[in-house]
1. Which one is surrounded by the fewest Cβ atoms within 10 Å (Cβ to Cβ) among residues in the range 16-33 that are small (Gly, Ala, Ser) and modelled with pLDDT under 90?
2. Scan the strands (runs of 3 or more DSSP E) fully inside the range 93-183 and keep the ones with 3 or more residues being more than 30 Å from ALA72 (Cα to Cα) and either of a type outside the set (Asp, Glu) or touching a residue at least 40 places away in the same chain (Cβ under 8 Å) (or both).
3. Just give me the residues in the range 91-109 being touching an Asp or Glu at 6+ places or on another chain (Cβ under 6 Å) and crowded, with 16+ Cβ neighbours inside 10 Å, in sequence order.
4. Just to be sure before I move on: is TYR110 under 13 Å from the mean Cα position of the chain (by Cα) and at pLDDT below 85 in the structure I sent?
5. Take the range 66-89 and flag every residue that is in contact (Cβ under 8 Å) with a residue 12 or more places away in the chain and surrounded by fewer than 22 Cβ atoms within 10 Å (Cβ to Cβ).
Amino acid sequence: MVIRVGILALQGDAGLHEQALGQLGVETALVRRPEHLEGLTGLVVPGGESTAILALARSVKLLPAIKKFVQAGGMVFGTCAGAIMLAAEVTGPSQDSLGLIDITVERNGYGRQLDSREARGQMQPPLGDQALPLVFIRAPRITRVGAGVSVLATYRDEPVLVELGRVLAATFHPELTDDVLLYVLGRRRGQRQDWRTT
């Protein structure tokens, strides 16, 4: 079975996600329209400006297509603005979102552009307890985690990487580090299954 992972390429840096997945031998495809989701195993929703991504996705009817993709068994990984798009609730200010994972996120929760930083997070079981490199750029903060949502990594005791079923959300930019672990995860609830396997 050929594993193909799409990268939402409406706004933001899709290229670095392509490079990270390429290191793992994963075939990638850029997603700009609903039909581009056909035949994909997973979808990465990258960072950028969440309001712009939402507006562009809405204009080409991608939002309902992404929901159907996940409901049909597709995996989705949202980073930074992507996590905002996947959340059930967005604050600071509020905005629409896909509601695919039961978390509340606060936009720019770690500060504005001048507050961007590199840091070290802490992985949680079942990933182990090693340090995780983090890059925050106008990063959202997860302020509420709903029932059933697993916290996979924390920073200063706050969740920065969470999972619910086939949905994975990170408030940071893994594509700006040399660590490709999160791309290996690919997620199915309760399993260590990655995008390279069936």
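1. Step one: list which residues in the range 16-33 are small (Gly, Ala, Ser), which gives 20, 22, 25, 29.
Now drop any that are not modelled with pLDDT under 90, which leaves 20, 22, 25.
On the way: ALA20: 23, GLY22: 13, GLY25: 9.
For the range 16-33, the residue satisfying everything is GLY25.
2. Numbers: elements: 101-106, 117-123, 131-136, 141-145, 150-155, 158-164, 167-170.
Correct list: 117-123, 131-136.
3. Step one: list which residues in the range 91-109 are touching an Asp or Glu at 6+ places or on another chain (Cβ under 6 Å), which gives 91-92, 104.
Selection gives THR91, THR104.
4. Details: under 13 Å from the mean Cα position of the chain (by Cα): no; at pLDDT below 85: yes.
Answer is no for this residue.
5. Start the filter on the range 66-89 by keeping residues that are in contact (Cβ under 8 Å) with a residue 12 or more places away in the chain, which leaves 66-67, 69-70, 73-89.
Within the range 66-89, LYS67, VAL70, GLY73, GLY74, ALA88, GLU89 meet the criteria.
The values are calculated or read from the model by the stated rules, or taken from the named source; none is laboratory data. Quick caveat: nothing in here was measured; it's all calculated off a predicted structure. We place every Cβ from the backbone using ideal geometry, glycine too, and count neighbours over all the protein chains shown.
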